[in-house]
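As structure tokens, the structure follows; a few thoughts come after it.
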Amino acid sequence: MAPLPLRPAPSNPSSPARAPPEFPTLSELDADPNASRQVYEVGYLIGEFMVARAARDGSLRLIRANGDVTSVGFASPAAFEEAWKAFVRARYFEAAGLTLAEPVQ
């Protein structure tokens with residue numbers, strides 16, 4: 001399995017438990033690509049999600065639509081983000097027997 005390139009959540013000195021990682025939003029990933037490598041770090045996970053969800057054809061539709069998630073059946077970017085987070089949690093965290101103490105942001 002590929003490593004999870006998600007940014008760690010900000011630490012909270014009052015909490016000894018480690019917070020779960022935060023997922024980037026689509027708007028964060030759409031920001032200036034020269035400002036961050038994050039889009040490249042999570043791109044594989046998004047591609048894997050799209051292939052699992054809508055097969056190769058769905059991935060190609062998303063690319064041709066310039067990332068418009070409504071073109072592949074999502075009501076909004078927020079709906080896409082929630083489905084993607086659930087996919088990553090199930091595929092990588094739960095499959096590895098890991099649980100998150102708090103919901104992923």
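Laboratory data are not the source of any read-out in this text; all were calculated from the coordinates shown. Computed from a prediction, not measured in an experiment: that's the story for all the values here. Quick reminder, even Gly has a Cβ in these numbers, built from the backbone with ideal geometry, and neighbours come from all protein chains shown.
What to note about this one:
- If you take all other residues with their beta carbon under 14 Å from the beta carbon of residue 65, and give Lys and Arg +1 and Asp and Glu -1, the sum is -1.
- A simple spin-label model places pseudo-atoms 7 Å from Cα toward Cβ; at residue 85 and residue 41 they are separated by 1.8 nm.
- Inter-centroid distance (Cα atoms) of the range 32-54 relative to the range 61-101, Å: 10
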